[in-house]
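The values are calculated or read from the model by the stated rules, or taken from the named source; none is laboratory data. From a predicted model like this one, the values you see are computed outputs, not experimental measurements. In this analysis, Cβ positions are derived from the backbone assuming ideal geometry, glycine residues included, and neighbour counts consider all displayed protein chains. Keep in mind that these areas ignore ligands, DNA and RNA; they rest on the heavy atoms of the full protein, side chains included. Shrake-Rupley method; radii C 1.70, N 1.55, O 1.52, S 1.80 Å.
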Amino acid sequence: MPDNTLQQRQTFGIISHPDAGKTTLTEKLLLFGGAIQTAGAVKSNKITKTATSDFMEIEKQRGISVATSVMGFEYKGFKINILDTPGHKDFAEDTYRTLTAVDSVILVIDSAKGIEDQTRKLMEVCRMRSTPVIIFINKLDREGKDPFELLDEIEKEFKIHTRPLTWPIGMGNSFKGVYNIYDKNLKLFAINKTEISTNSAQIEDILDHKLEEIIGKPSATSLRDDINFIEELYEPFDKSLYLDGLLAPVFFGSAINNFGVQELLDTFIRIAPFPQPRNTDVRKVNPEEPEFTGFIFKIHANLDPNHRDRIAFCRIVSGKFERNKYYYHTRLDKKVRFSNPTSFMANEKTIIDSSLPGDVVGLYDTGIFKIGDTLTEGEKMNFQGIPSFSPELFKELINKDPFKTKQLEKGIRQLTDEGVAQLFIQQPGNIKIVGTVGDLQFEVIQFRLLHEYSAACIFQHLNYYKACWITSKDPKELDRFINMKSRLIAYDKENLPVYLAESAWMLKTTQENFPKIEFHFTSEFKTDQKSISEASYW
Ligand code: G4P
């Protein structure tokens with residue numbers, strides 16, 4: 001059992017473009033961590049390809065087990081928490097928010113495909129927050145791109161330095177294994193989907209003739225050339241650069257074959273950050289502080305009509321969270337208490353008495369939480385860095401049953417508090433505009449409004465390109481802008497004005513024509529946090 005110190009806790013997320021191998025790697029890490037005994041034991045939140053257009057099917061899969069949202073396990077005296085991130089692009093915002101609750105990430109890349117679309121967006125979020133990243137290049141058992149080319153591609157696209165810590169010997173049919181550059185040993189590859197590979201040889205000196213005997217002359221020669229090249233080309237691994245998010249150590253392997261995973265995990269526990277401080281609107285909170293603080297980064301609603309409960313996921317930032325103790329809900333200015341907080345170990349959910357920084361506790365939520373809410377022992381402050389992103393799809397919500405107006409109002413407000421979508425109100429007429437990043441969310445909302453709130457609605461497509469929050473140092477200019485563009489102005493739930501741009505071109509022209517107006521693509525401007533820049537594509 002690990003010591004309950006912060007120095008032995010690591011909370012991270014695994015990110016990838018769908019199909020690169022995130023689910024497989026997660027499972028293999030749990031296997032190595034002894035949290036599960038056989039591959040295939042963890043049902044994941046993964047949404048299968050067949051279900052991409054069927055939202056109920058997706059919800060069923062998503063809801064298989066709330067427990068897989070956080071997978072905790074113990075390994076060599078460390079408590080490790082993996083926070084699951086949905087791979088489906090329509091749930092991208094869930095993923096971005098989960099990334100606010102981790103201290104580092106492992107990025108999985110398919111060696112044949114290299115960098116893909118979703119990887120770009122996810123890495124952008126990590127780069128904004130300077131999150132430390134370890135890269136795992138997967139599927140070496142198949143023919144893929146040249147490893148040096150892959151590293152180049154990563155460096156150029158992500159503007160991050162890389163440093164290989166293991167190196168592959170061949171690939172596809174001629175894949176022989178990986179050489180661990182730091183521990184100087186060789187792991188030989190064998191196809192093995194269920195067990196942990198132990199076939200390794202210590203090669204202290206890469207010039208040792210044993211190398212030829214083990215992998216053959218041609219492979220030995222090319223491995224030596226590659227290692228020489230790496231030593232010349234790449235700086236030695238510098239942990240502090242990694243912790244600052246400037247350098248990504250790289251591992252190669254084949255997750256499905258349990259290969260290269262142990263090297264990854266053993267290095268992870270040595271270098272990955274322990275629970276990190278977080279900023280609030282008042283001050284920075286350090287994990288060592290004795291008083292409990294935490295924030296809600298995700299709310300999971302159960303669609304099963306027999307268990308209509310919601311679970312709010314709280315990342316503990318400092319102090320000790322205790323069951324049945326009163327905490328201060330800073331947004332509601334109210335004391336709250338939790339009698340059944342849950343923790344997550346592998347795929348088991350258990351009620352806990354206390355939890356420490358880095359951990360995530362599940363709190364049964366009767367509707368009091370919104371994404372981004374802060375809990376403290378009494379101090380008035382709000383954690384920052386849990387932004388809403390400017391949506392990309394817009395539809396007008398139309399009430400189909402005038403007798404259920406109240407239910408519809410309540411329903412849409414609660415669903416948007418959960419982070420399913422964003423709600424904007426446009427006047428005159430109190431028009432409700434729902435903005436999302438994916439089409440599926442509209443189906444989710446329609447279904448849930450009907451089943452949970454008995455409110456029937458339809459959606460009507462709106463031709464907007466982006467919603468951006470607008471501010472100005474000159475209040476008169478802001479008023480003038482709002483009056484001139486009234487047809488394209490709506491208000492978010494906090495009554496802050498947003499501009500609904502009809503196209504990229506219109507947005508650009510408007511920005512040029514109104515230089516005194518600031519256009520914001522994430523809600524972060526509200527908290528004025530500098531570490532999150534506003535990437536133009538949001
Ligand atoms: P994801 O969560 O990132 O979406 O990916 P997932 O782990 O589900 O992996 C996607 C596909 O890639 C799966 O195949 C999986 O078996 C395969 N895969 C993962 N790691 C490796 C690897 O190291 N080598 C090879 N060759 N394949 C790998 P699938 O056919 O889509 O699903 P399944 O029927 O195998 O479950």
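The residues of the range 239-254 that are over 20 Å from the mean Cα position of the chain (by Cα) and in contact (Cβ under 8 Å) with a residue 40 or more places away in the chain, listed by number, are 241, 251, 252, 253, 254.
Counted as qualifying within the range 43-142 are the helices (runs of 4 or more DSSP H) with 3 or more residues that are at pLDDT below 90 and among the hydrophobic types (A, V, I, L, M, F, W, C), namely 55-62, 117-129. Candidates in the range 415-436 are the residues that are polar (S, T, N, Q) and part of a strand (DSSP E or B); of these, the one that is surrounded by the most Cβ atoms within 10 Å (Cβ to Cβ) is 422. Remark: residue 195 matches the filter, which requires a residue to be at negative phi, at pLDDT below 80 and either in the same structural domain as residue 80 (by TED's automatic domain parsing) or of a type in the set (S, T, N, Q) (or both). If you go through the range 471-488 and pick out every residue that is free of Cβ contacts under 8 Å to residues at least 40 places away in the same chain and part of a helix (DSSP H, G or I), you end up with 12.
Applying the condition of being aromatic (Phe, Trp, Tyr) and open to solvent by 10 Å² or more (accessible area, probe 1.4 Å) to the range 136-176 and asking which residue is nearest to the ligand (Cβ to nearest atom) yields 175.
Evaluated against (1) in a strand (DSSP E or B); (2) of a type in the set (D, E, K, R); (3) at pLDDT 90 or above, residue 379 falls short on exactly one condition, (1). For the range 489-525, a residue qualifies if it is charged (D, E, K, R), open to solvent by 20 Å² or more (accessible area, probe 1.4 Å) and assigned to a loop (DSSP other than H, G, I, E, B), and the qualifying residues are 493, 494, 502, 516. When every residue of the range 489-496 is checked against the conditions, at least one turns out to be at pLDDT below 95, of a type in the set (Lys, Arg) and within 26 Å of residue 415 (Cα to Cα).
The set of residues in the range 122-135 being buried (at least 20 other Cβ atoms within 10 Å of the Cβ) and either near the ligand (Cβ under 10 Å from one of its atoms) or of a type in the set (Lys, Arg) (or both) is empty. Report yes if residue 144 is in contact (Cβ under 8 Å) with a residue 24 or more places away in the chain and over 27 Å from the mean Cα position of the chain (by Cα), otherwise no. Spelling it out, it is not the case that residue 144 is in contact (Cβ under 8 Å) with a residue 24 or more places away in the chain and over 27 Å from the mean Cα position of the chain (by Cα). Of the residues contained in the range 274-294, one or more are found to be open to solvent by less than 60 Å² (accessible area, probe 1.4 Å), in the same structural domain as residue 365 (by TED's automatic domain parsing) and under 30 Å from residue 411 (Cβ atoms).
Within the range 437-460, the residues that satisfy the criterion of being outside any helix (DSSP H, G or I) and in contact with a helix residue (DSSP H, G or I) (Cβ under 8 Å, 6 or more places away or on another chain) are 437, 438, 439, 454, 455, 456, 457, 458, 459.
Considering the conditions (1) at pLDDT below 95; (2) under 21 Å from residue 5 (Cβ atoms); (3) of a type outside the set (Gly, Ala, Ser), residue 365 is excluded by exactly one of them, (2). Condition test on residue 40, is it within 16 Å of the ligand (Cβ to nearest atom), over 25 Å from residue 388 (Cβ atoms) and at pLDDT 80 or above? Considered against the rule, which asks whether it is within 16 Å of the ligand (Cβ to nearest atom), over 25 Å from residue 388 (Cβ atoms) and at pLDDT 80 or above, residue 40 comes out as no. Within the range 95-121, being acidic (Asp, Glu) and within 16 Å of the ligand (Cβ to nearest atom) holds for 110, 116, 117.
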